[in-house]
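Asks: What follows is a structure written as structure tokens; I'll ask about it next.
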Amino acid sequence: MELGLYTFADVDPNAADKGREGERRLKNLLEEIELADQVGLDVFGLGEHHRADYAASAPAVVLAAAAARTKNIRLTSAVTVLSSDDPVRVFQQYSTVDLISGGRAEIMAGRGSFIESFPLFGYALDDYDQLFEEKLDLLLALNESEKVSWTGVMRPPLAGLGVYPRPAHGRLPIWIAVGGTPQSVARAGAYGLPLALAIIGGTPSRYAPLFDLYREAARRAGQDEAKLKTSINVHGFIADSTQAAADAFYGPQAEVMNRIGRERGWGPTSRAQFDQSIGPTGHLFLGDPETVAKKIVDHQRIFRNDRFLLQMAIGLMPHDQILRGIELYGTKVAPLVRDMLAAEQKDAVAASA
């Protein structure tokens, strides 16, 4: 199982000097990605947002900078809001990141959890679903062929035009990211594309049937199930002790969730709810390395996921604490997870012999 991180590059939305605040966060973010690579993590994802509280409106630019400073870690959007972008430009940007990185770029495409990009780029929310369907279709066509002829309704056609540069290894890995909508899950399965499921509330195990739906949709569409991949993307934090992790993470995470909650009509969170969420069946993967590693493995048994991505840099988490969390993730959690999974696989082989 691949282990990694993702973030939206949170900044202080009330900063008086937004330029300096963005500069600070992006500088720190590149240090975080570089450290994640150095400690042996597999993936780093950066989400696209167009709001005052996030600095990553152009993830491909940041990932290109990270590509020049890293050697092994895979670099992905998390997510690309494909509905309000142009698939040709998305493909060109991530192909460029791929070439700079020596073949380590990916695209995680989704419809997005915020709507700011639609009026910003002149799209109607009434076209939300059709925009994504058509643009995904075009993106996949661009990934398959150097020259593409394509016709849709929401975008001008392409008539045998070449799109360059091409990725280092011919194609880019393209994942579909979902927040729990069954139709989106089934679409990913029908296309035979890897699926990333965001779990930011409730009991994670209740989402497991969505992966069953994904695999069934792939089977019905005649996709090769051996090629299917899944990821769970969650919130959490790692520190030297579980108490330290909880005390560090609660304030910034609660501030973000309450801010978004006010926009969406959610009730405010509380420390009691937070403490319940960090338990064995809760949605927050938080604690000392042993606690987090065990929870990752426990949920891998439930989901059979191929990738696990953790969002630690939420809100105004101090940079030094994020760096320590990344260090512990790579040097303590990842080896524990890999050892436990290897032991389980060995036991399974022995039992079937």
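The values are calculated or read from the model by the stated rules, or taken from the named source; none is laboratory data. These figures come from a predicted structure and were not determined experimentally. Every residue, glycine among them, receives a Cβ derived from its backbone with ideal geometry; neighbour counts consider all protein chains shown. Keep in mind that these areas ignore ligands, DNA and RNA; they rest on the heavy atoms of the full protein, side chains included. Shrake-Rupley method; radii C 1.70, N 1.55, O 1.52, S 1.80 Å.
Asks: How much FRET efficiency would the formula 1/(1 + (r/R0)^6) give for GLU146 and ALA15, where r is the Cβ-Cβ distance and R0 is 35 Å, rounded to 0.05?
Replies: The computed FRET efficiency comes out at 0.20.
Asks: I've got another one for you. Distance from a point 7 Å along Cα→Cβ of ASP275 to each backbone N in the range 207-240: keep the residues under 14 Å and list them by number.
Replies: From the range 207-240, the list is empty.
Asks: Follow-up question, since we're still on this one. What number comes out for accessible area per residue over the range 16-99 if the probe is 1.4 Å? Units Å², please.
Replies: Here the residues of the range 16-99 average 36 Å² of exposed surface.
Asks: Taking the radius of gyration and the Kirkwood hydrodynamic radius from Cα positions alone, what is the Rg/Rh ratio for the range 167-244, to two decimal places?
Replies: Ratio of gyration radius to Kirkwood radius for the range 167-244: 1.09.
Asks: How many percent of all Cα-Cα pairs in the range 1-127 sit more than 20 Å apart?
Replies: Considering the range 1-127, 44 percent of its Cα-Cα pairs are separated by more than 20 Å.
Asks: Roughly what % of Cα-Cα distances in the range 77-172 sit above 22 Å, to the whole percent?
Replies: That fraction is 28 percent.
Asks: Keeping the other protein chains in place, figure out the carbon and sulfur percent of the accessible area of the chain, with a 1.4 Å probe.
Replies: Using a 1.4 Å probe with all protein chains present, the chain comes out at 53 percent carbon and sulfur.
Asks: Here is a further query. Quick one: length gained pulling ALA351 to GLN243 fully straight, 0.36 nm per residue minus the C-alpha distance?
Replies: Between ALA351 and GLN243, full extension yields 35.0 nm more.
Asks: Jot down the radius of gyration and Dmax of the range 118-187, Cα atoms only, both in angstrom.
Replies: 14.0, 37
Asks: Scan around LEU3 for amide H atoms under 5 Å from its own, H built in the peptide plane at 1.01 Å from N, and keep only partners 5 or more places away or cross-chain.
Replies: Those lying under 5 Å, H to H, from LEU3 are ASP42, VAL43, PHE308.
Asks: On to the next question. Report D for the range 122-262 in µm² per second (integer): Stokes-Einstein, Kirkwood Rh on Cα pairs, 37 °C, 0.692 mPa s.
Replies: 181
Asks: With every protein chain left in place, what is the accessible area per residue of the range 213-353 in square angstrom, probe 1.4 Å?
Replies: I get 48 Å² per residue for the range 213-353.
Asks: How big is the convex hull of the Cα atoms of the chain, per residue, in Å³?
Replies: Considering the Cα atoms of the chain, their hull volume per residue is 144 Å³.
Asks: Cross-link partners among aspartates and glutamates for LYS18, C-alpha distance below 14 Å, same-chain residues fewer than 8 apart left out?
Replies: Cross-link targets: ASP10, ASP53.
Asks: Need the C-alpha centroid separation for the range 289-342 versus the range 236-260, integer Å.
Replies: About 15 Å separates the Cα centre of the range 289-342 from the one of the range 236-260.
Asks: I've got another one for you. Of LYS27/LYS295; LYS135/LYS332; LYS71/LYS147; LYS71/LYS229; LYS229/LYS294, which sit over 29 Å apart, Cα to Cα?
Replies: LYS27/LYS295; LYS135/LYS332; LYS71/LYS147, as the Cα separations exceed 29 Å there.
Asks: Separation of the range 126-149 and the range 54-122 by C-alpha centroid, Å?
Replies: 16
Asks: Once you wrap a convex hull around the alpha carbon atoms of the range 218-353, what is its projected area averaged over all directions, in nm²?
Replies: Convex hull of Cα atoms, orientation-averaged projection: 11.0 nm².
Asks: Along the range 255-272, what does the Karplus equation 6.51 cos²θ - 1.76 cosθ + 1.60 (θ = phi - 60°) give for ³J(HN,Hα), rounded to whole Hz, x for Gly and Pro?
Replies: Computed from phi, the couplings for the range 255-272 are 4, 5, 5, 6, 5, 5, x, 4, 6, 10, x, 7, x, x, 8, 9, 5, 5 Hz.
Asks: For the range 243-284, report the convex hull volume of the alpha-carbon atoms normalised per residue, in Å³, without decimals.
Replies: Roughly 65 Å³ of hull volume per residue.
Asks: Between VAL153 and ASP129, 0.36 nm times their residue separation minus their Cα-Cα distance comes to what?
Replies: Result: 7.4 nm gained on full extension.
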